[in-house]
Amino acid sequence: MSAVLSNNTAAAKPAQRSEGVWAASWRRLRSDKVGMVCMTIVAFFLVLVTLSGSGLIAADWQKEVGVPNAPPTFMGPAPAEAIGTVEQPKGPNVDLSDIDPLAPKYQEWEERAKQFKTVDTVKAETLPAGGDRLGRDVLAKVLKGAEVSITVGVLAAIVATLIGTVLGALSGFFGGKIGDFLEWLYNVFTAIPGILLIFAFAVIFGKGVTSVVLILGLAGWPGIYRLIRAEFMKHSVRDYVRSAEAIGASKFSRMFKHILPNVSHVALVQLSLHVVAFIKSEVILSYLGLGVGVDQVSWGTMLAESQSELILGYWWQLAAVTAFMAVFVTAFALFTDALRDALDPKLRGLE
């Protein structure tokens, strides 16, 4: 009798809920130590971008706080002759009253000028990461440049992913004339070399952060479109989609409520991959003078400035921007690899 009760009690216990897709992906990502370290580095950079955008750090990057080309602190101040100091002439002023008709006014102007006192700002001879040719802090500039470059990369990747996902969903699900038109549009964009397409859009939209986001977003959607289209073609004939159609689900409901969640990992991985690619593209555009405006700073404009400074032996601006860009791009690329493996474990046979 007790055995029967125990069996009934065991049978009455509710079955454990299976692990969800996102929970399983997070578990696989946590097991990847390199991926977690890189995610921490990326999160740190995103925090810096947020603080810079809110004005808490690097807000005074345009101020000339140091002497021109101030060396980094660990190098010490530059020799006096290297800074370009000019010795002031000594002795009394020459009396020009006989030959200068404005000489009687000098005394009056001097007394009136004393009413407007100015404070001479003492400029630092060294800065933590050095200074540029105008005496601006390189560390503040590279932080502000990170804000612009990373923001452009993320926003442009979002724009490209949205365009590619929507067009790929329409083409893969409906097919027919819609699919043929979108395939023609895709072939037109891919027939033009990517760099020429970016330059053409740059001439149309001009300079500025918004323009660069649109340029890269419009030029970068074809690759995402192709992958999403293939996924929608594969999923649109599966049983769960057919079942949704049988119970009366609309076409757009089947597209965006049933199929899209099952292919979202593809869009997410492509989004991450395009962030790195678009940051590099923004750096190239700004380096060539086709990116952000002259009143803004990015990693690309800093590289362009450091080119002339390097010839004179001032290497610290180039070193700072290269170090920041290399660390972020490398960390984001490795994090993207880990994220791809976590979202699609079949790629490496993890499950």
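The values are calculated or read from the model by the stated rules, or taken from the named source; none is laboratory data. Bear in mind that the values here come from a model prediction, so they are computed numbers and not experimental data. Note that we place each Cβ from the backbone using ideal geometry, even for glycine, and neighbour counts take in every protein chain shown. We work out accessible area using only protein heavy atoms, side chains counted, and drop any ligands, DNA or RNA first. Shrake-Rupley method; radii C 1.70, N 1.55, O 1.52, S 1.80 Å.
Miscellaneous remarks
- Counting charges near His235 (Lys, Arg +1; Asp, Glu -1) among other residues having Cβ under 15 Å from its Cβ returns a value of +3.
- Distances between placed amide hydrogens fall under 5 Å for Leu127 paired with Thr73, all partners being 5 or more residues away or on another chain.
- 5 angstrom amide H check on Asp137, placed H, neighbours 5+ away: Val65
- The solvent-accessible area of Leu134, taken with every protein chain present and a 1.4 Å probe, is close to 60 Å².
- Measuring between alpha carbons in the structure, the pairs from Lys234/Lys280; Lys123/Lys144; Lys33/Lys234; Lys177/Lys234 lying more than 26 angstrom apart are Lys234/Lys280; Lys33/Lys234.
- Solvent exposure, largest accessible area first (probe 1.4 Å, DNA, RNA and ligands not counted), of Lys141, Lys257, Lys280: Lys257, Lys280, Lys141
- For region 236-346, Kirkwood radius (reciprocal of mean inverse C-alpha pair distance, Å): 17.5 Å
- 3J(HN,Hα) along region 312-329, derived from phi through the Karplus expression 6.51 cos²θ - 1.76 cosθ + 1.60 where θ = phi - 60°, amounts to 8, x, 9, 9, 5, 5, 4, 5, 5, 5, 5, 5, 4, 5, 5, 5, 5, 5 Hz, with x in place of Gly and Pro.
- Glu125-Thr322 FRET efficiency (beta carbon distance; Förster radius 30 Å; 0.05 resolution): 0.80
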